[in-house]
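These notes are about the structure you will find just below.
The values are calculated or read from the model by the stated rules, or taken from the named source; none is laboratory data. Just so it is clear, the structure is predicted and the values come from calculations on it, not from any experiment. When we count neighbours, we look across all protein chains shown, and the Cβ atoms used for this are built from the backbone with ideal geometry, even at glycine. Protein only, heavy atoms only, side chains kept; ligands, DNA and RNA dropped before computing areas. Shrake-Rupley method; radii C 1.70, N 1.55, O 1.52, S 1.80 Å.
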Amino acid sequence: MKAESGKRRTESEKLQSVPKRIDEVTYSETKRIATGCGEFDRVLGGGIVPGSLLLLGGEPGIGKSTLLLQTALAVKDKRLLYVSGEESEQQIKMRADRLVERGKRKVEREELYVVSETVTQRIFEHIDAVKPELLIVDSIQTITTEDVDSPAGSVSQIRQCTTEFQHYAKTTGVPVLLIGHITKDGTLAGPKVMEHIVDAVLQFEGDRHYGFRILRALKNRFGSTAEIGIFEMLGNGLREVPNPSELLLSQRDENLSGAAVAATLEGARPMFIEVQSLVSSAVYGTPQRNANGFDMRRLNMLLAVLEKRCGFKLGAKDVFLNIAGGLRVNDPAIDLAVACAVLSSNVDMPVSPRYCFAAELGLNGEVRPVSRVEQRIAEADRLGFERMFISKYNARSIDKKRYKIEIGLQGTFCMMC
Ligand code: TYD
Ligand code: MG
């Protein structure tokens, strides 16, 4: 019986799929749609792939609608449909007017259609009428399908609606961009259930009180997830920031203690940021520790290393740490700059603003090597830094003669102090 059914299956499948040698597999390079926004295209891996389903996630109010409406206004020679379940057509128009105000132009896109609608069945009717070449849906949490009997935003609604858009994208070749809200800790179930259905998950993040926004790809079937896009939110929309380091480094006073510049990498992109610290005697019983944009546990670990391995008495001190620009940094290469900023504030001695740092600190106080050190050095050189401190274990992979910048090789942090 078993053998028979197995045989039948192979016979029926023979017609559909036959394993091929990889060098015999052919495909034609699909032409991507350029969004008209360099930073967005960079994150996508060179534009939107036809028939793809993309999710743009982010906290409410971070600028997702702005980004996609701005993109919709910038895409050239394509018919677009922008469906909003959150805003009326008038509101969308008002926002669009604000976005193009910068150039004192009027909204001139004849091929951009907007509609306020929440039911997928109606949306597909509008799609039949408009026949768009790119569809934008804002946001998936507000959309419902008549096939599912639960409220908008519930997991079953989100899953079903996403599947319907996926089917539409795959059968027609029209790419679909979905917006999805996530909370700060990313716990809301919605976008999580969508992640495996969609082709790419882009995340828009930043601190709402600051202008900087980072667009990253958490998943991308058509490109690398190492690229990030950087924007600045202005009164009239998002501005692309091709050179973030130049903007992030404040023009600080040479005599100010408690600041050090870290040469970090976000994805494949060098970003030089200022780490600021304030160390003072604890006024209350328990010393306070606070970090903005940096992991608290990592800060506590670094303070313990400074205390135990290097003999700095920080146990009775309040320590505050801040990453300038409202950014969040996960690159371990920032450790050395954090330690230097803390000590600089502790002993009230400034670190030269022309120095920068890129190394991880180990539990024994050892200065550890970081990835892509050449790229960091090249950027530091370009930005005109005088000296860069890195781990001596990175020495082998660099050719010092190529750079003007002086390179300080460090073994342990205590020696450095
Ligand atoms: P929005 O795109 O509505 O966020 P999301 O869709 O992610 O919820 O934008 C949110 C904030 O951006 C809003 O509070 C105001 C600000 N903003 C500007 O600063 N400048 C602008 O040009 C626009 C359109 C918005
Ligand atoms: Mg919105």
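Rolling a 1.4 angstrom probe over the protein chains, ignoring ligands and nucleic acids, what is the accessible area of His181 in square angstrom, nearest 10?
For His181, the solvent-accessible surface is approximately 40 Å².
About its Cα centre, how strong a charge dipole does the chain have in debye, to the nearest 20, once Lys and Arg get +1 and Asp and Glu get -1 at the Cβ? It would help to have the intermediate numbers written out before the result.
Numbers: 56 positive and 54 negative charges, 228 e Å.
Around 1100 debye, computed over the chain.
Anything over 29 Å Cα to Cα? Flag those among Lys313/Lys392; Lys317/Lys400; Lys20/Lys170, in the order listed.
Values: Lys313/Lys392 27 Å; Lys317/Lys400 39 Å; Lys20/Lys170 24 Å.
Too far apart for the 29 Å limit: Lys317/Lys400.
Exactly which chymotrypsin sites (Phe, Trp or Tyr not before Pro) in region 244-341 are in a DSSP loop and have at most 12 other Cβ atoms within 10 Å?
Details: sites: Phe272, Tyr284, Phe294, Phe312, Phe320; in loops: Tyr284, Phe294, Phe312.
Here the sparse-neighbourhood loop sites are Tyr284.
Using helices alone, I'd like the mean residue ellipticity at 222 nm for the chain: each DSSP H run of four-plus residues gives -39500 (n - 2.57), total over residue count, nearest 500. Write down the numbers at each step before the final one.
Values: 12 runs with 123 residues, N = 417.
Taking each H run of at least 4 residues, the total per residue is -8500 deg cm²/dmol.
For region 10-100, state which GluC sites (Glu not before Pro) are in a DSSP loop and have at most 11 other beta carbons lying within 10 Å of their beta carbon.
Numbers: sites: Glu11, Glu13, Glu24, Glu29, Glu39, Glu86, Glu87, Glu89; in loops: Glu29, Glu86, Glu87.
Within region 10-100, the qualifying GluC sites (Glu not before Pro) (loop, at most 11 other Cβ atoms within 10 Å) are Glu29.
Report, please, the projected area of the chain averaged over directions, based on the convex hull of its C-alpha atoms, in nm². Numbers along the way, then the final one.
Numbers: hull surface 116.7 nm².
Its average projected convex-hull area is 29.2 nm².
Once phi is turned into θ = phi - 60°, what whole-Hz ³J(HN,Hα) does the Karplus curve with 6.51, -1.76 and 1.60 give for every residue of region 350-361, x standing for Gly and Pro?
x, 9, 4, x, 9, 9, 9, 9, 8, 6, 9, 10
Could you calculate, for region 278-339, the ratio of the Cα radius of gyration to the Kirkwood radius, expressed as Rg to Rh?
The Rg/Rh ratio comes out at 0.96.
Enumerate the amide H contacts of Gly411 below 5 Å, restricted to partners 5 or more residues apart or on another chain; note that Pro and chain-start residues carry no placed amide H.
Lys392
List, in order, the whole-Hz ³J(HN,Hα) value for each residue of region 257-269 obtained from phi through the Karplus relation with A = 6.51, B = -1.76, C = 1.60 and θ = phi - 60°; use x for Gly and Pro.
For region 257-269, the Karplus-derived couplings read 8, x, 10, 8, 9, 9, 9, 9, 10, 10, x, 9, 10 Hz, x marking Gly and Pro.
Distance between the C-alpha centers of region 43-67 and region 358-417? Whole Å please.
Region 43-67 and region 358-417 have Cα centres spaced 36 Å from each other.
How big is D for region 72-146, in µm² s⁻¹ as a whole number, if Stokes-Einstein is applied with the Kirkwood radius of its Cα pairs at 25 °C and 0.890 mPa s?
Values: Rh = 12.9 Å.
The diffusion coefficient I find is 190 µm²/s.
Taking amide H atoms as placed 1.01 Å from N in the peptide plane, list the residues 5 or more away in sequence, or in a different chain, whose amide H sits under 5 Å from that of Met271.
Thr264, Leu265, Glu266
Using a probe radius of 1.4 Å on heavy atoms only, what accessible surface per residue do you get for the chain? Whole Å² is fine. If you can, show how the numbers build up before the last one.
Numbers: 21050 Å² over 417 residues.
So the chain comes to 50 Å² accessible per residue, rounded to a whole number.
Explain nothing, just compute: Karplus ³J(HN,Hα) = 6.51 cos²θ - 1.76 cosθ + 1.60, θ = phi - 60°, for every residue of region 211-225 in order, whole Hz, x for Gly and Pro.
x, 6, 10, 10, 10, 10, 9, 7, 8, 8, 6, 10, x, 7, 9
Can you say what percent of the DSSP beta bridges in the chain, counting only those with both residues inside, are antiparallel? Round to 5. Please report the intermediate quantities before stating the final value.
Working: 34 of 74 bridges.
If we restrict to bridges inside the chain, about 45 percent are antiparallel.
Using +1 at the Cβ of each Lys and Arg and -1 at the Cβ of each Asp and Glu in region 292-349, identify which of Val305, Leu343, Phe320 lies farthest towards the dipole's positive end.
Val305
Placing unit charges on C-beta atoms (Lys and Arg positive, Asp and Glu negative, everything else neutral), compute the dipole magnitude of region 207-353 about its Cα centre in debye, rounded to 20. All intermediate terms of the calculation are to be shown ahead of the outcome.
Details: 16 positive and 15 negative charges, 122 e Å.
With Lys and Arg at +1 and Asp and Glu at -1, about 580 debye.
May I ask you to give the average projected area over all directions of the convex hull of the Cα atoms of region 246-356, in nm² rounded to one decimal? Kindly include the intermediate steps, with their values, before the conclusion.
Details: hull surface 27.5 nm².
Averaged projected hull area, Cα only: 6.9 nm².
Mean separation of Cα pairs under 8 Å and 6+ residues apart, divided by the residue count of the chain: what relative contact order is that in percent? Mind dumping the intermediate values first?
Values: 857 pairs, mean separation 53.8, N = 417.
For the chain, the relative contact order is 13 percent.
On the full set of protein chains, 1.4 Å probe, figure out the accessible area of Ile123 and give it in Å² to the nearest 10.
Counting only protein heavy atoms, Ile123 exposes about 0 Å² to solvent.
Would you please give the residues with an amide H less than 5 Å from that of Leu112, counting only those at least 5 places away or on a separate chain, with H modeled from the backbone geometry?
Leu80
Based on a Kirkwood Rh over C-alpha pairs, give the Stokes-Einstein translational diffusion coefficient of region 346-417 at 37 °C and viscosity 0.692 mPa s in µm²/s.
On the way: Rh = 12.7 Å.
D = 259 µm²/s.
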